[in-house]
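First comes the structure, then the notes that go with it.
The values are calculated or read from the model by the stated rules, or taken from the named source; none is laboratory data. Keep in mind that this is a model prediction, so the values were computed, not measured. Cβ: placed from backbone, ideal geometry, glycine included. Neighbour counts: every protein chain shown. To get the accessible areas, we keep the full protein, side chains included, count just its heavy atoms, and leave off ligands, DNA and RNA. Shrake-Rupley method; radii C 1.70, N 1.55, O 1.52, S 1.80 Å.
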Amino acid sequence: MNRQFRALSFVVLVVVMVAVAGCNKKKASTPPATATAPPVSTPAAAPVAQITATPNVISAGDQVVLTWRTADATSVSIDGIGDVPTSGVKTVTPTESTSYHLVARGEGGSADATARVTVNAPPAVVVPSTTASLDDEFKAGVQDAFFDYDTYDIRADAQAVLVRDASFLVAHPDIKVVIGGYCDERGSSEYNLALGQNRADAAKNALVAAGVAASRIRVVSYGKEKPFCSESTEECWQQNRRAGFSLDR
Amino acid sequence: MKPRFRLFPQAAIAFILLFSSILHAQDWVHTGTNLGQDRIRLAAAEFKPLSVDPQTPSLKAVFDATLYSDLSAAGIFDIVSRSLAPQANPGTPQEINLQQWAEAPANAAMVAFGSLSASGGRLTVQGWLFDVRNTANPQVLGKQYTNAASQDAARLIAHEFADDIILRLGGGINGIAETKIYFISTRTGSKEIWCMDYDGQNQHQITHLGSISLSPRIAPDNSRLAFASLGRDGWAVRMYSLDLGRLVAFPAGVAGGSNQSPAWSADGAHIAFSSSRSGDSEIWLADASGGNLHRLTNFKGPNVAPTFNPRTNGQIAWAGGRTGEPQIYTMDLDGGNVQRLTDMGYAVSPSWAPNGALLTFSWNRKYGPGDPGGQDIYVMDIASLRWLQVTHEAGTNDYPSWAPDGRHIAFERNIGGHTQIWTMLADGTQQRQLTAAGNNTMPNWSWK
């Protein structure tokens with residue numbers, strides 16, 4: 001439920017952001033951080049300009065990476081920054097929502113592009129945007145471990161996954177994790193709560209053995225109470241027999 | 001293909017013969033109920049309204065229907081169908097013509113009758129039970145009941161009268177018409193504890209925790225509910241006071257890991273539950289106040305769902321996974337004398353009968369990947385390990401809970417993803433569905 005709520009609030013945030021950007025600036029397009037000027041068709045090659053900001057939603061004080069590229073331009077400038085090379089990368093720390101407007105001038109004319117950065121101040125309570133990116137990083141770096149029917153032994157494939165998970169966690173010592181123990185729909189809820197606990201504990205023990213501090217790991221059994229998948233098929237049951245990782249906040 | 005013959009003793013219900021075949025598990029034959037003892041043929045007359053209060057007809061309808069339903073459900077009577085009863089409904093002993101009730105087509109051995117009147121917001125019921133054949137001294141029971149003039153009160157009076165009849169004609173065992181069934185329902189969106197009368201009436205919500213609550217277990221004195229509930233640090237055994245209408249402390253049930261599936265001893269002195277605080281799921285025992293906590297088992301794998309022997313309070317049965325799939329075990333209260341009762345499959349959710357001799361549990365005898373099997377309710381005689389399958393070919397059945405009369409079992413049945421609470425007699429007959437809204441699971445029958 002929590003996960004769904006977070007996903008929902010993220011979607012709402014993006015929608016609101018697009019709406020705000022649309023109100024403030026006529027030229028804003030979707031996605032708002034990237035705008036590509038159409039090439040002007042003149043005999044002399046018209047400049048082409050592109051600029052992106054990553055991430056495009058931040059909290060005050062966070063850093064944004066601006067990346068721009070131009071072609072057929074002789075001078076390039078970004079409002080508020082000044083003259084810049086024809087292509088490059090720059091880190092900025094805006095304190096309020098900013099449109100980075102790039103103008104490229106060349107022999108064939110000029111082109112411009114805009115990257116919009118939305119700064120949330122005060123930082124959003126529900127979904128701080130730093131964790132949105134941390135979420136992505138976490139999802140990319142940490143995968144769930146799956147189990148065989150009615151067992152909590154770590155399979156060979158799960159062992160390999162857990163080793164990778166552990167190295168991610170060792171490399172990110174500030175992250176705390178929750179391991180949820182999940183079971184398929186068969187059998188009794190009470191027995192599956194204990195089985196889910198054993199699965200989550202087995203995953204925790206594997207992480208601890210690989211060097212992750214036990215104090216960083218919280219374990220909760222969900223048994224068959226919070227399934228990922230609700231079909232009565234072996235594919236679905238396998239999806240539900242897992243130790244699932246999520247960020248502990 | 002060797003056919004198995006099982007002779008199964010059952011308290012109050014005499015003998016049940018079951019022929020089954022090992023290879024043809026789908027073939028089941030159920031013959032010879034109540035061998036050796038006829039059920040008492042009992043007639044319940046429609047009660048005579050004595051007042052002209054406008055409420056009277058509706059109260060009488062509720063009372064008559066409830067009394068008839070209670071006596072039919074008791075499992076010890078052969079009830080005379082309403083269509084076979086004499087036309088006249090006697091309101092007093094002077095008005096009854098016993099000969100009419102003794103003759104065909106009623107052929108009653110006993111008749112319950114009486115009158116009902118509402119006035120000044122009070123409902124008064126005069127109830128009698130007469131032995132039709134004992135014309136000289138026919139009265140077995142004569143009693144007056146008063147309560148508020150409401151439908152709920154009319155139902156309650158009918159339950160009381162039914163229980164008085166069942167106590168006298170049922171071998172001195174209290175009836176269950178006034179008992180409750182606690183259960184888990186999803187009908188508000190989260191799994192909360194609910195309560196209903198034993199016949200499915202009066203369903204109402206008890207907890208409003210907004211989390212996931214499981215395994216409600218009512219205290220023998222009906223004062224408190226022990227249950228498992230999900231919090232930030234996992235599952236805790238918590239305690240809800242029905243007297244106070246709020247949670248009360250049970251410190252033994254809160255610790256890291258999963259603490260769940262509590263059970264009361266019949267004297268209300270102890271609570272056993274499953275806890276993984278030692279690193280593996282084991283059965284633990286505490287005083288009802290939460291003190292004197294100690295571990296009883298030390299077996300690999302899940303150990304859950306303890307249930308006390310309510311006759312002695314000296315034994316616990318539970319479901320343990322030390323050999324792989326869960327099996328039913330028993331042990332003494334000091335953790336010694338461990339016995340395994342089931343020999344195969346997936347056996348969980350034991351509930352100990354009030355007489356101490358029988359266990360009921362949920363068993364899938366052919367559990368395994370790729371094997372659809374059937375999860376059914378079984379009853380086992382602990383001394384002989386003989387068992388009887390009591391549900392057949394209807395959904396997935398779990399969480400059997402004995403009624404205090406030892407004659408009835410409540411259980412959950414899942415058909416097509418929808419789980420509802422059912423009751424039945426302990427031989428599997430008279431199955432009745434009690435719930436319909438939402439998913440309803442884990443019934444727990446009150447002790448009285």
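The table below gives the values:
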read-out	value
Threshold 10 Å² - residues in region B:281-299 whose accessible area is reduced by that much or more when the chain is no longer isolated, probe 1.4 Å	B:Ser281
Residue-by-residue Karplus 3J(HN,Hα) for region B:39-55, coefficients 6.51, -1.76, 1.60, Hz, glycine and proline x	5, 5, 7, 10, 10, 10, 6, 5, 6, 8, x, 9, 10, 9, 3, x, 6
Å² of accessible area per residue within region B:204-307, as computed with a 1.4 Å probe and no ligands counted	34 Å²
Amide H partners (placed H, <5 Å) of B:Ile206, local residues excluded	B:Ile193, B:Trp194, B:Cys195
Accessible area per residue, Å², region A:129-247 with all protein chains present, probe 1.4 Å	40 Å²
Listed residue pairs exceeding 18 Å between alpha carbons, taken from A:Lys139/A:Lys176; A:Lys176/A:Lys226; A:Lys176/B:Lys191	A:Lys176/A:Lys226; A:Lys176/B:Lys191
Heavy-atom surface of region B:40-169, accessible at 1.4 Å and reported per residue (Å²)	42 Å²
Relative contact order %, region A:129-247, counting alpha carbon pairs below 8 Å whose residues are six or more apart	36 percent
Interface residues, region A:173-205 - accessible area loss of 10 Å² or more versus chain alone, probe 1.4 Å	A:Arg186, A:Gly187, A:Ser188, A:Ser189, A:Glu190, A:Tyr191, A:Leu193, A:Ala194, A:Gln197, A:Asn198, A:Asp201
Two-site FRET efficiency, B:Asn174 against B:Arg246, from Cβ-Cβ distance with R₀ of 35 Å, rounded to 0.05	0.70
At least 10 Å² of accessible area lost relative to the chain alone, listed for region B:211-253 with a 1.4 Å probe	B:Ile212, B:Leu214, B:Leu230, B:Arg232, B:Asp233, B:Gly234, B:Trp235
In sequence order, calculated HN-Hα J values of region B:378-385 (Karplus, 6.51, -1.76, 1.60; Hz; x Gly/Pro)	10, 10, 10, 7, 5, 5, 9, 6
Degrees, to the nearest 10: B:56-73 long Cα axis against longest axis of chain B	50 degrees
DSSP bridge orientation in the protein assembly as shown - percent antiparallel, rounded to nearest 5	90 percent
Restraint check, B:Lys366/B:Lys448; A:Lys224/B:Lys366; B:Lys60/B:Lys448, Cα-Cα greater than 32 Å	B:Lys366/B:Lys448
Area buried, chain B against chain A - accessible surface, total, 1.4 angstrom probe, square angstrom	2400 Å²
Apportionment of accessible area to carbon and sulfur, the protein assembly as shown, percent (1.4 Å)	53 percent
Tensor-based shape of region A:109-229 (alpha-carbon gyration tensor, a/c under 1.5 rounded, otherwise prolate or oblate)	prolate
A:Asp248/B:Gln94 FRET efficiency (R0 60 Å; Cβ-Cβ; nearest 0.05)	0.15
